[in-house]
Amino acid sequence: MAIILWTNVLFAQLGYFGLPEVRKQHTLSFSNYDNLVVVGALLGDSVPVRLLLDSGVEGLIITDMQVASIYAEKCIRKFKLAAPGNPEELEACVTRPVKVKMGKLSPAFINLILLDEDYFSLDEYIGSKVHGLISMSKFRNMVVTTNYDNNTLRFRNPDNYTIPPRSAVIPISLIREKPYMTSRVELDNGTIMDLWLMIDSGANHPLLLEFDSLSGYVPKHSIDAIIGRGLGGNLHGSFARVGWMMLGGFRLDDVIVSFTDSYMPGNINNRLSRHGTLGSGALGRFRVTFDYTNNRMILQKGSKFRMPFEYNMSGISFRAMGLGFNLFEVSEVIPGSPAGLAGVKAGDILLSVNNKSTFLLNLGELNRILSQRAGNYIDLRVSREGKQMEFKFRLKRLI
């Protein structure tokens, strides 16, 4: 299930990170959760946080209520923000600028956006502690390269950056601090379409398309499911495939696509006529460089470029709980899926998979077991209302 985030904050955010004068570049390690990038930072010299680096949001959003309570007294204004999957606007406030440190970059002084509630439950769907999100635009004065193969971020001054050979250079437009680009796709009915997409590194789908922008197109074969989770809660839609998608000169085949007609209900004008979003499920196949100064994104093939796009072959979605995020509750079972036909239900607590205790797994490892090799036998042991139950089924490609 994709992590999907979008905000529409209409005031300026202050402060950007930079490189100290003595440095030409700086490299930071990050934690990789299904191609979602989580980095460490320090707020106000004393509060350590872990933040999801996201090109699809504005500013620095604190989702963790404990951290939000520390800075609540610094709020200078309350406002509402729009969120995917929710027709209502959510309550938040903005603080006075707070000093934010990240590695050996020059610190930035940023207005924090504090949510009134933890609308997102980010931890549960990443499977690790995360305190909020930070916009890629906060690094806009530098060239930022995300290497998903070795989990590093490399920061350089634009004057010290040379485009690598065999790269694709894609022009981008920055609108409200978010990058947009064009991409050409072949839909499953053979229609070729040019798309206007927001680049959303904080969503782990490869591609999301919004039905009301597609002139009545409906995929030939799809499955209904919860396709992601945003600040407004679960986002309902369907999964299907397109024949291919072009990113610059690179072609990705048989791409899984999330479709929805409720991404921004009542807020169509806020979408800026886009068709959808390009997510980290596609970006993670590349070494991705954002050069906001020169309005471009540069892609180099990564080690996962030729991996087939697959969707969970069991039909189960989980949320991670507990102090170590290794207690897994079934949050959804797709009707007619292998797990659904076997009798697995939402609310079941997973105890083991293929005789391996879940305490030895993280959420990413669990999802990989259930997303590889159609035909594999799966043996699940769960707890339901205090009783242990066992279910066996074979994985099946659902789309």
When you scan the range 52-65, do you find a residue that is farther than 30 Å from M307 by Cα, of a type in the set (V, I, T) and more than 21 Å from the chain's Cα centre (by Cα), even just one?
no
Any residue that is over 20 Å from S128 (Cβ atoms) and buried (at least 18 other Cβ atoms within 10 Å of the Cβ) - is there at least one of those in the range 361-374?
no
Residues of the range 187-205 being in a strand (DSSP E or B) and either charged (D, E, K, R) or modelled with pLDDT under 90 (or both), which ones?
D194, D200
Strands (runs of 3 or more DSSP E) wholly inside the range 241-349 containing at least 1 residues that are modelled with pLDDT under 95 and surrounded by fewer than 19 Cβ atoms within 10 Å (Cβ to Cβ)
316-321, 327-333
Residue within the range 206-224 that is modelled with pLDDT of 95 or more, in contact with a strand residue (DSSP E or B) (Cβ under 6 Å, 6 or more places away or on another chain), outside any strand (DSSP E or B) and not hydrophobic (A, V, I, L, M, F, W, C) present
yes
Count, please, the residues in the range 35-83 that happen to be charged (D, E, K, R) and surrounded by 18 or more Cβ atoms within 10 Å (Cβ to Cβ).
4
Mind counting the residues in the range 357-368 that are over 20 Å from the mean Cα position of the chain (by Cα) and within 24 Å of N204 (Cβ to Cβ)?
3
Selection within the range 147-161 - at negative phi and surrounded by fewer than 17 Cβ atoms within 10 Å (Cβ to Cβ):
D149, N150, T152, N157, P158, D159, N160
Per-region count, the range 156-194, residues of a type in the set (F, W, Y) and over 21 Å from the mean Cα position of the chain (by Cα):
1
Residues of the range 354-377 being part of a strand (DSSP E or B) and in contact with a strand residue (DSSP E or B) (Cβ under 6 Å, 6 or more places away or on another chain), which ones?
Y377
Within the range 131-141, the count of residues that are crowded, with 22+ Cβ neighbours inside 10 Å, touching an Asp or Glu at 6+ places or on another chain (Cβ under 6 Å) and small (G, A, S) comes to 1
What are the residue pairs meeting all of these: first residue in the range 208-231, first residue among the basic types (K, R), second residue at pLDDT below 90 and buried (at least 18 other Cβ atoms within 10 Å of the Cβ), Cβ atoms under 6 Å, and 6 or more apart or on different chains?
R229/Y125
Filter the range 162-194 for residues that are touching an Asp or Glu at 6+ places or on another chain (Cβ under 6 Å) and in contact (Cβ under 8 Å) with a residue 24 or more places away in the chain; which is surrounded by the most Cβ atoms within 10 Å (Cβ to Cβ)?
E177
In the range 94-130, residue modelled with the lowest pLDDT [restricted to those that are hydroxyl-bearing (S, T, Y) and surrounded by fewer than 21 Cβ atoms within 10 Å (Cβ to Cβ)]
Y119
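The values are calculated or read from the model by the stated rules, or taken from the named source; none is laboratory data. Quick caveat, the model's predicted, so the values are computed rather than measured. All Cβ positions, glycine included, derive from the backbone under ideal geometry; neighbour counts span all protein chains shown.
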